[in-house]
Amino acid sequence: MDLEILKFLAPAIAASLIIAGIHAYLGLHVVERGVIFVDLSLAQIASLGAAIAVWQGYDPHTDQQIYWMSLGFTMIGALIFAMVKGHEARIPQEAIIGISYAVASAAVILAMSQATGEAEHLRDMLVGNILSVQWPEVWRTAGIYVVIAVFHFIFRKHFLEISVDARGAAARGVPVRLMDFLFYASFGIVVTRSVAIAGVLLVFCYLIVPSVGGMLFSSRIGPRLAIGWVMGTVVSMLGMYVSVLFDLPTGAAIVCTFGAALIAMAVVRPLFVRKVA
């Protein structure tokens, strides 16, 4: 790629690396909690808020009301997921998450069916249009994620306790419901911002795939996080390059590159484990 292409891609590359960094960390918690589809569900709930705003006539390219509508819907989802966390509940939390995803997905289709250009809006929500991101949006996103990172650093002990052993944390006096709401609320802010830039499918991959890749090679949090960060960075750059090289949609190219990278890591894992042993 020549200098002009790199200059054009620079904001998108920076945005993808920022998203990969925070989602690799959040993915560790999601996988440990066993709520794999919470990101997809919250992202779809955020999309529902955006779809309703578009239905009401707001321009998805210029109106900030769409973002605030998405964030408001995401906060409602975070509250629901935190409240159904109770250990005495007979309904698994993953069931609530799955139902929320299905209902939100159907509601998005209904809302978009009443809006003009619904096919384009649905496509952007699914695969995003990360190439259109500009530097001001990149810096705003980085600022928001820094605040979220500091927030998670402050509450890291409680968040990790609940992710690893929620019952034990409750027995030790940790306010599980409150901490869960704070976790899902902060998580929802990240998802809402990321979906607006990258789309639902790519955000889901940034959350889950690097964490799963880390689990292939280590059972400890630190190494898993490091592997996830490296994987997210390399795959983002490679997926962006493939999309430019073959003139492919960038979000979809990165998603497929994530899948190919995970398969490659699974293939070489036995060799790595045997060598270590």
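The values are calculated or read from the model by the stated rules, or taken from the named source; none is laboratory data. As the structure is a prediction and not an experimental result, all values here were calculated from the model. FYI the Cβ positions are ideal-geometry reconstructions off the backbone, even for glycines, and counts take in every protein chain you see.
Numbers at a glance
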| item | result |
| --- | --- |
| Among residues of the range 154-179, those that are farther than 13 Å from LEU26 by Cα and part of a helix (DSSP H, G or I), counted | 16 |
| Residues that are modelled with pLDDT of 90 or more and not aliphatic (A, V, I, L, M), drawn from the range 237-277 | GLY239, CYS256, THR257, PHE258, GLY259 |
| Unmet criterion (only one of (1) assigned to a helix (DSSP H, G or I); (2) modelled with pLDDT of 80 or more) for LEU6 | (2) |
| Selection status of GLY232, modelled with pLDDT of 90 or more, under 19 Å from HIS29 (Cα atoms) and surrounded by 16 or more Cβ atoms within 10 Å (Cβ to Cβ) | yes |
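Residue-wise test of (1) at pLDDT below 90; (2) small (Gly, Ala, Ser); (3) in contact with a strand residue (DSSP E or B) (Cβ under 9 Å, 6 or more places away or on another chain); (4) surrounded by 16 or more Cβ atoms within 10 Å (Cβ to Cβ).
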{"position": "ILE99", "(1), (2), (3), (4)": "yes, no, no, no"}
{"position": "ALA104", "(1), (2), (3), (4)": "yes, yes, no, yes"}
{"position": "MET125", "(1), (2), (3), (4)": "yes, no, no, yes"}
{"position": "THR141", "(1), (2), (3), (4)": "no, no, no, yes"}
{"position": "PHE153", "(1), (2), (3), (4)": "no, no, no, no"}
{"position": "ALA166", "(1), (2), (3), (4)": "yes, yes, no, yes"}
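Results for (1) in contact with a strand residue (DSSP E or B) (Cβ under 7 Å, 6 or more places away or on another chain); (2) crowded, with 24+ Cβ neighbours inside 10 Å; (3) farther than 18 Å from GLY34 by Cβ; (4) among the basic types (Lys, Arg), shown as yes or no for each residue.
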position: ARG156; (1), (2), (3), (4): no, no, yes, yes
position: VAL212; (1), (2), (3), (4): no, no, no, no
position: ILE221; (1), (2), (3), (4): no, no, no, no
position: ILE227; (1), (2), (3), (4): no, no, yes, no
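Condition check ((1) surrounded by fewer than 24 Cβ atoms within 10 Å (Cβ to Cβ); (2) closer than 17 Å to LEU225 by Cα; (3) touching a helix residue (DSSP H, G or I) at 6+ places or on another chain (Cβ under 9 Å)) across all residues:
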residue: GLU4; (1), (2), (3): yes, no, no
residue: ALA10; (1), (2), (3): yes, no, yes
residue: HIS23; (1), (2), (3): no, yes, yes
residue: ALA46; (1), (2), (3): no, no, yes
